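J.: Supplied in structure tokens, the structure appears directly below.
The values are calculated or read from the model by the stated rules, or taken from the named source; none is laboratory data. Remember, predicted model here, so these are calculated numbers, not experimental data. Here the Cβ is made from the backbone with ideal geometry for all residues, glycine too, and neighbour counts use every protein chain on show. Just the protein is used for accessible areas: all its heavy atoms, side chains included, with ligands, DNA and RNA removed. Shrake-Rupley method; radii C 1.70, N 1.55, O 1.52, S 1.80 Å.
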Amino acid sequence: MRTRSVWLLVAIAALALNLRPPFTAAGALLPDIAADLRLAPGVAGLLPTLPVICLGVFALAATSIRRRWGDEGVVAVCLPLLVVGSLLRSGPNAATLFGGTIVVGAAVGIANVTLPALIKREFPGNVTLVTSVYTVFLTLGSSLAAALAVPLMSAAGGSWRTPLIALAAVALLTGLVWLPLLRRAGRPAVPGSGGPAARLLRSPLAWQVTAFMGLQSLLAYVVFGWLPTIAQDRGMAATEAGLVLSVSTLVQALGAMTLPLLAGRRSDQRVLGVSLLGVSALGLLGVFLAPLSWMWGAAVVLGFGMGALFGLALSVIGLRAADAAVASRLSAMAQAVGYLLAATGPLLVGLLHQLSGGWALSMWLLLAVCLCGALAALGAGRPLRVGAEEPVRPSAG
């Protein structure tokens with residue numbers, strides 16, 4: 001690899017480390033934040049839901065920013081927003097908390113869309129490999145933030161604001177890593193075959209990619225939000241239940257890491273997508289139905305399946321796009337619609353649990369999501385390209 005490509009890969013990994021901690025750290029700190037700011041339970045419940053909605057809403061802005069300022073220009077916008085949003089969230093009241101959350105959600109939503117296009121542009125023959133690196137560091141950032149937020153708060157004398165300020169410092173350091181690459185910032189993206197957005201909306205393949213992205217994201221956010229509660233209801237102590245989620249999240253990095261080995265050089269990802277959804281469904285069955293002593297194994301199986309699925313969903317965006325311009329538009333569509341769909345998952349599971357008093361209906365809902373996801377994978381994994389509708393030749397990606 002050329003020096004610039006290696007540095008860009010490092011920069012992508014560094015940026016990925018920043019894109020989930022604002023959400024997972026806040027989730028870990030939520031009881032202390034709610035108590036300190038005297039938030040009602042309903043208001044406090046918005047804190048983990050609002051970012052997912054932001055990911056969908058602000059994904060729509062990424063394509064226009066990229067078209068005007070280029071991929072590096074998007075990063076030059078997102079990193080300052082991450083710093084400002086993290087500092088704002090550490091402010092004195094609920095208004096600054098939620099205002100900062102929206103700013104952070106905007107930054108992450110825009111970056112989420114742009115990075116698949118950047119990977120497609122710079123690493124067209126290694127889309128799956130580079131996307132797996134990106135996914136691994138996304139997952140590691142999420143796990144580290146969830147694990148370290150509370151200890152850092154305790155070390156700071158019980159101040160929940162300190163971990164959020166630390167996230168601003170990490171984003172600032174990431175900006176220094178990107179600084180040599182931002183000389184391209186402000187240059188418009190190179191035109192491609194992207195065409196009008198309406199063309200993408202008429203593409204069945206684009207909708208299949210979007211459905212695959214959204215349904216696997218729905219599963220992930222349900223697990224993030226409800227796995228500890230399910231484990232506790234099945235008889236686990238609160239501390240153990242939290243560790244189950246941490247283990248499952250950490251194993252997601254392993255799943256993402258093995259994706260290039262699983263995908264190989266195949267241009268067709270249908271069998272892999274369906275298989276990974278089957279693995280995730282098996283993990284879900286273990287979480288809901290297996291003996292309690294099997295909960296740890298079920299969490300590992302579920303985490304592996306979901307980690308590889310997330311990496312595959314991001315890879316498919318680049319693999320199905322004819323060029324970086326199409327990748328940007330497809331990424332915006334898949335993530336805008338996908339994350340808005342994903343935001344309904346935790347809400348529906350909570351509602352079904354409240355109505356039934358148990359978890360059976362929620363389990364059947366999630367298994368139905370796995371089945372629908374498998375059907376979407378049969379479409380999204382086909383060796384075709386959105387924007388060109390031509391067969392894809394096997395490559396290193």
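J.: Amide H of Ala156: which non-local residues (sequence gap of 5 or more, or other chain) have their own amide H closer than 5 Å, using H built in the peptide plane?
T.: Residues meeting the amide H criterion: none.
J.: OK, next. I'd like the accessible area for Tyr221: 1.4 Å probe, protein heavy atoms, all chains in place, Å² to the nearest 10.
T.: 40
J.: Share of Cα-Cα pairs in the range 212-369 beyond 19 Å, in percent?
T.: 55
J.: Show Glu122, Glu240, Glu72 ordered by accessible area, largest first, where the area counts protein heavy atoms only and the probe is 1.4 Å.
T.: Solvent-accessible surface, decreasing: Glu240, Glu122, Glu72.
J.: With only Lys, Arg, Asp and Glu charged, each at its Cβ (+1 for the first two, -1 for the last two), find how big the charge dipole of the chain is about the Cα centre; round to the nearest 20 debye.
T.: Charge dipole, the chain, about its Cα centre: 1220 debye, nearest 20.
J.: Rounded to two decimals, what is the ratio between the C-alpha radius of gyration of the range 1-90 and 2.2 N^0.38 Å?
T.: Normalised by 2.2 N^0.38 Å, the Cα Rg of the range 1-90 equals 1.35.
J.: Multiply the residue gap between Leu371 and Arg234 by 0.36 nm, knock off their C-alpha separation, and tell me the result in nm, one decimal place.
T.: 46.8 nm
J.: Right, another one. Computed over the Cα atoms of the range 197-268, what is the ratio Rg over Rh, Rh following Kirkwood?
T.: Across the range 197-268, the Cα-based Rg/Rh ratio is 1.16.
J.: For Leu384, list long-range residues whose amide hydrogen, built 1.01 Å from N in the peptide plane, is under 5 Å from its own amide hydrogen.
T.: Distant-sequence amide H within range of Leu384: Val392.
J.: Once you order the gyration tensor axes a ≥ b ≥ c over the Cα atoms, which shape class does the range 49-153 get: rounded for a/c under 1.5, otherwise prolate or oblate by comparing a/b with b/c?
T.: oblate
J.: With a probe of 1.4 Å, find how much accessible area the chain has per residue, and write the answer as a whole number in Å².
T.: Accessible area per residue: 40 Å².
J.: So if I take the alpha carbon set of the range 302-394, get Rg, then get Rh from the Kirkwood formula, what is the Rg over Rh ratio?
T.: 1.07
J.: Can you give me the distance in nm between label points at Arg4 and Ala155, each placed 7 Å from the Cα along the Cα-to-Cβ direction?
T.: 3.9
J.: Still on this structure, please answer the following. State the three equivalent ellipsoid semi-axes of the chain, derived from the C-alpha gyration tensor as the square roots of 5 times its eigenvalues, in descending order and whole Å.
T.: Result for the chain: semi-axes of 31, 27, 18 Å.
J.: With the Cα gyration tensor of the range 265-343 in hand, convert its eigenvalues to equivalent ellipsoid semi-axes via √(5λ) and list them largest first in whole Å.
T.: Semi-axes, largest first: 30, 15, 8 Å.
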